[in-house]
Amino acid sequence: MPAPREAAIENRLWSLDEAMPRSDLRALQARRLRETVERAARVPHYRDALLKAGVTPGDIRSPGDVRRLPFTTKEDLRANYPFGMLAVPRSDLARVHCSSGTTGRPTVVGYTAEDLETWANLCARFLVAGGLKPEHMVHVAFGYGLFTGGFGLHYGIEKVGASIVPASSGNTERQIMLIRDFQSDALICTPSYALNIAEVAREGGLDPRQLSLKIGHFGAEPWTEEMRNEIEMQMGLYAFNNYGLSEVMGPGISGECFRRDGMHVQEDHFLVECLDPETLEPVSPGSNGEVVITNLTKQAMPVLRYRTRDICALDDNPCACGRTGIRMGRIFGRTDDMLIIRGVNVFPSQVEEALLKVEGAAPHYMIEVDRPGALDEMTVRVEMKAAQFSDMISQVQALRERIQRAIYGITGLHANVELVKPQTLERFTGKARHVNDKRKDKRRP
Ligand code: AMP
Ligand code: ZN
């Protein structure tokens, strides 16, 4: 993990449970895990899976017994579309959301009124850990709708008692006008959209550092420390990382404290494992692996050992903030995001890390992978910063070589680097897309 980058904010807890002694936490986890298995056993899918695994709720005596439970995948949720995974009657649902980024049938998730209350409190915890106060005005530029980001954060902010500007996504000029005129203190969106806002503000003649924003809570997509530096430099705020996924609940699974040295997992509500995605055995402490999450308190639709496909490392060293939840490092990438180029595994986040180390490269890029002949080729299209663009051709060539070297240094691959004019690559209002793998279109069905 990179060195902590402490933010100068007060260290406050939303709930004392965040600092529960680990021995109490483990006892609570064991009890809640057993209750969850009882609830899950009402779902035909889990009744069968538990029977096959030969486990009953009574077998669950410690958090480690999670390893006896069956895994759940996105395919299981799709196969039970729309409400086959509910552990409560449909009439008990208070809200439904869907997972993003899928084609065809969405993955549906349901919440009871109690689940919504829990969720709001969990979002409040990480917002407060990252400096949110009741007197703040918060601009939410996450989409409001089936996506869990908008509504999830909305009710967390409401819990904290801050005021909300539910701007939702789109119309960036208008968002900037509102942030400026309302003097908002906090911004909530994807990290890529934060940069988009900064850029559009500058185009309109407004230095985003002159806005009143003090903190930003960003998540919903992978981003790097280099990206955090860039956002903080451009916007003059403290940027915090938070993580979640709709299948398990939405945002609120983990988030950073003022030390910003990993995201504290809310372990009284989620049991998190870090497994080798091939063997499904735990990785050695501190190593990267796939995050697998079991709900501990979800009523409507608990999931057992959900395979998130997200890759990161867990850190169980105590944190100076007093929270006792283990910390998740940055999500390095997703197992389904990983590109294999000439046999070398590459995550888009590594390319981002490399190019943002190079002065003159803007944080806008697109990785294109193709196999024109026998061998894979990776082309990284990178925008130049406006200042560099007006410079001499020879300097542009030098910039290209620096980026190539940086990518080689981190991935071990020679990439074609194409520098493009500022403002030429697509911008996103939600989750950014950074990869176009043309080899996929060429594969036979
Ligand atoms: P969704 O379908 O909208 O629930 O998306 C959840 C996915 O977004 C997760 O499985 C991650 O791949 C990604 N994600 C969410 N938060 C973060 C984060 N802080 N860093 C990296 N990826 C994230
Ligand atoms: Zn901490």
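Could you say which residue among L304, L314 is among the hydrophobic types (A, V, I, L, M, F, W, C), more than 13 Å from ligand 1 (Cβ to nearest atom) and part of a loop (DSSP other than H, G, I, E, B)?
One residue alone meets the criteria, L304.
In this structure, does R323 turn out to be surrounded by fewer than 21 Cβ atoms within 10 Å (Cβ to Cβ) and either under 28 Å from R39 (Cα atoms) or touching a residue at least 12 places away in the same chain (Cβ under 8 Å) (or both)?
No.
Among the residues of the range 267-294, which ones are closer than 27 Å to G131 by Cα and more than 14 Å from ligand 1 (Cβ to nearest atom)?
E267, D268, H269, L271
Check T118, T112 and return the single one that is polar (S, T, N, Q) and closer than 30 Å to C321 by Cβ.
Every option except T118 fails the conditions.
Of the conditions (1) touching a residue at least 12 places away in the same chain (Cβ under 8 Å); (2) under 21 Å from A124 (Cβ atoms), L16 satisfies every one except a single condition; which number is it?
(1)
Can you list the strands (runs of 3 or more DSSP E) found entirely within the range 223-295 that contain at least 1 residues being in contact with a Gly (Cβ under 6 Å, 6 or more places away or on another chain)?
Where strands (runs of 3 or more DSSP E) fall fully within the range 223-295 and carry at least 1 residues being in contact with a Gly (Cβ under 6 Å, 6 or more places away or on another chain), they are 238-245, 250-256, 263-265, 270-275.
If E225 satisfies all but one of (1) of a type outside the set (A, V, I, L, M, F, W, C); (2) touching a residue at least 60 places away in the same chain (Cβ under 8 Å); (3) crowded, with 20+ Cβ neighbours inside 10 Å; (4) out of contact with any Cys (no Cβ under 6 Å at 6 or more places or on another chain), what's the number of the condition it fails?
Condition not satisfied by E225: (3).
Would you be able to say whether some residue in the range 88-108 is within 16 Å of ligand 2 (Cβ to nearest atom), modelled with pLDDT of 95 or more and not aliphatic (A, V, I, L, M)?
Looking through the range 88-108, none of the residues is within 16 Å of ligand 2 (Cβ to nearest atom), modelled with pLDDT of 95 or more and not aliphatic (A, V, I, L, M).
Could you please let me know if L187 is over 16 Å from F428 (Cβ atoms), in contact with a helix residue (DSSP H, G or I) (Cβ under 7 Å, 6 or more places away or on another chain) and crowded, with 16+ Cβ neighbours inside 10 Å?
No, not satisfied.
Would you mind finding the one in D370, D391 that is at pLDDT 90 or above, of a type outside the set (V, I, T) and away from ligand 1 (no atom under 16 Å from the Cβ)?
Answer to the check: D370.
List the pairs whose first member sits in the range 49-68 and is among the basic types (K, R), whose second member is surrounded by 12 or more Cβ atoms within 10 Å (Cβ to Cβ) and modelled with pLDDT of 95 or more, and whose Cβ atoms are under 8 Å apart, counting only residues at least 6 apart or on separate chains?
K52/P70; R61/A30; R61/R34; R67/E273; R68/A53; R68/V55; R68/D59; R68/I60
So, in the range 311-348, of the ones that are among the basic types (K, R) and more than 16 Å from S287 (Cα to Cα), which residue ends up farthest from ligand 2 (Cβ to nearest atom)?
R342
Do you know which of the residues in the range 332-350 that are part of a loop (DSSP other than H, G, I, E, B) and either of a type outside the set (A, V, I, L, M) or modelled with pLDDT of 95 or more (or both) is farthest from E267 (Cα to Cα)?
Filtering first and then ranking leaves R342.
The values are calculated or read from the model by the stated rules, or taken from the named source; none is laboratory data. What you see is a predicted model; the values in this text were computed from it and never measured. Neighbour counts run over all protein chains shown; Cβ positions are idealised from the backbone, glycine included.
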